[in-house]
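A.B. asks: Input: one structure, supplied below.
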Amino acid sequence: MTHAEAEAALEYAQFDRRQALRHEESAGDGGRGEAELAEWERITSLLAGTGEVYDPQGDAVVQDEQRAEAERKETWEKAEAARRAEAERVAARADELMRLVGAGELDSTVPTQAGDEAVRDHLEKVDYRVPHVNSWLAQALADRAGHYADPAARTAAVASLPVPVRARAALLAALSRTGIPAVDKQLDFVGRLAVADPAATTALAAWLDTAFAADAAARKSGKA
């Protein structure tokens, strides 16, 4: 495109813009019209006095826009690939956990993994056996086992696990301080309490923790 052709295109864009402004029904297209007009003005100024033919490949502004668009596309494609990979991982882990539930083998001998909270959320929508997974996660959180051995994972669980599951874990942890080993199905009542009233379950766990701490302090000082 020559400078003369760019000027002609600019004049047409200016005319088209004036016509659009005269018609109320076209006013909503003002953003596109303004942008188009500004681009023609820029190209016309770029060619003024040069005698050159306009080539988008030599236009730094266009090249910057194309690079930015390519980067946006690449970022989106990477994010989409990561989303698909995560969905596949969650589905595969969900299948594995449901197989263990079906075989009666999902217990404290099966270590939890990072991301199992998302698997639990997925199963809650698609499988009625999610309470088995809730019990398993609560026991692991109480025991600080599997990926919950990491303090950061335990902290994250506060935001990622439902309140009843956290309440159940808290009471299981408190009861473990009695020194009487009891895991999995031996303490089913804890799960029922947590579902029925998670706030009361958490309060009971806190009371037990306080009582055990006071007893330990008394024993240490020789008063008990």
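A.B. asks: In the neighborhood of Trp76, defined by Cβ-to-Cβ distances under 13 Å, what is the net charge if each Lys or Arg adds +1 and each Asp or Glu adds -1?
C.D. replies: Every neighbour counted, the sum reads 0.
A.B. asks: Here's another thing I want to ask about it. What translational diffusion coefficient, to the nearest whole µm²/s, does the chain have by Stokes-Einstein, given a Kirkwood radius computed over alpha-carbon pairs, a temperature of 10 °C and 1.306 mPa s viscosity?
C.D. replies: The Stokes-Einstein estimate is 67 µm²/s.
A.B. asks: Next up: Test of understanding: what is the full-extension gain from Thr210 to Asp59, defined as 0.36 nm times their sequence separation minus their Cα-Cα distance?
C.D. replies: 47.1 nm
A.B. asks: Just want to confirm a number: the relative contact order over the chain, from Cα pairs under 8 angstrom separated by 6+ residues, in percent.
C.D. replies: The normalised contact order for the chain reaches 13 percent.
A.B. asks: In whole Hz and in residue order, list the ³J(HN,Hα) couplings for the range 164-170 that follow from phi through the Karplus curve 6.51 cos²θ - 1.76 cosθ + 1.60, θ = phi - 60°; x for Gly and Pro.
C.D. replies: Once rounded to whole Hz, the list reads x, 5, 5, 5, 4, 4, 4.
A.B. asks: Can you tell me which of Pro56, Pro131, Pro164 moves the most in a GNM of the chain? Springs connect C-alpha atoms under 10 Å apart.
C.D. replies: Highest fluctuation among the options: Pro56.
A.B. asks: Next up: Could you calculate the FRET efficiency of Glu7 with Ala81 from 1/(1 + (r/R0)^6), where r is the beta carbon distance between them and R0 is 41 Å, rounded to 0.05?
C.D. replies: Approximately 0.35, to the nearest 0.05.
A.B. asks: Per DSSP helix of 4 or more residues, -39500 (n - 2.57); summed, then divided by the residues of the chain. What does that give at 222 nm, rounded to the nearest 500?
C.D. replies: -24500 deg cm²/dmol
A.B. asks: Please identify, among Ala145, Ala13, Ala92, the residue showing maximal mean-square fluctuation in a Gaussian network model of the chain using a 10 angstrom Cα cutoff.
C.D. replies: Among Ala145, Ala13, Ala92, the largest GNM mean-square fluctuation belongs to Ala13.
Where a number appears in this text, it was derived from the coordinates with a stated rule and is not lab data. Small disclaimer: the values here were computed from a predicted structure and weren't measured. Every residue, glycine as well, gets a Cβ built from its backbone with ideal geometry; the counts of neighbours run over all protein chains shown.
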